[in-house]
Amino acid sequence: MKSRMITLPDAIEAIVTSCEVCSVGMTDKDNLPYVLPFNFGFENNTVYLHSAPVGRKIDILKQKPEVCIAFSTAHELYKQSDDVACSFGMRYKSVIVKGKVAFIEDFDEKVRILNVIMKQYTKRDDFVYSIPAVKGVAVMKVVADSIEAKAFGY
Ligand SMILES: Cc1cc2nc3c(=O)[nH]c(=O)nc-3n(C[C@H](O)[C@H](O)[C@H](O)COP(=O)(O)OP(=O)(O)OC[C@H]3O[C@@H](n4cnc5c(N)ncnc54)[C@H](O)[C@@H]3O)c2cc1C
């Protein structure tokens, strides 16, 4: 099975937006890894996240905003022989984004980003939001410092 790196921005975006969730890796104050699944939005090499405004990840990200975000999709088990374990494998497409979390405070920008996240899951971006809900949610963006994409078996 061949693996190949993908560099075309449209192809990278297609992989990311076909994913249901991403895994956000961060580093806590003791330099230990902490990885959480997140819903997300994506546009222009930027990952958007939202969250309750308190909790362990918020404490970590406010101290250490560096993150590594993994996406993977098109998972497909293949085999060459039913009985040979090493002949089994999985086709996949995946993307890794590295960057820094920035917390968004501007109300209108928060609404715009929440609509980008909603669009990822509903294909709609014209939702209404209550003012307290927008004020109360933490909205984050990660502009990619680097973005790498790979396809294995495709
Ligand atoms: C498919 C999916 C999508 C999600 N999307 C979002 C999202 O968009 N935004 C969002 O904020 N959260 C999302 N979550 C939940 C997220 O993964 C965290 O559980 C949540 O944000 C709380 O994180 P925290 O660090 O604030 O937890 P805290 O409540 O501060 O954590 C306390 C302890 O609980 C443990 N813990 C926390 N989360 C998990 C977990 N998911 N699994 C097992 N143990 C855990 C950790 O050991 C942590 O130290 C999603 C989860 C899933 C499975």
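Rule-based calculations on the coordinates, nothing more; no lab input. Computed from a predicted model, the values in this text were never measured in an experiment. Here the Cβ is made from the backbone with ideal geometry for all residues, glycine too, and neighbour counts use every protein chain on show.
Yes or no, residue by residue, for (1) among the basic types (K, R); (2) within 22 Å of A149 (Cα to Cα); (3) under 18 Å from the mean Cα position of the chain (by Cα):
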| position | (1), (2), (3) |
| --- | --- |
| V16 | no, yes, yes |
| M26 | no, yes, yes |
| E43 | no, yes, yes |
| T46 | no, yes, yes |
| L49 | no, yes, yes |
| R56 | yes, no, no |
| L61 | no, no, yes |
| T73 | no, yes, yes |
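I'd like to verify a number: residues in the range 119-129 that are in contact (Cβ under 8 Å) with a residue 24 or more places away in the chain and not polar (S, T, N, Q), how many? Of the residues in that region, 2 qualify.
With respect to the stated conditions, D10 is assigned to a helix (DSSP H, G or I) and of a type outside the set (K, R). When we screen V67, V116 for residues that are surrounded by 15 or more Cβ atoms within 10 Å (Cβ to Cβ), within 18 Å of G25 (Cα to Cα) and touching a residue at least 12 places away in the same chain (Cβ under 8 Å), the only hit is V67.
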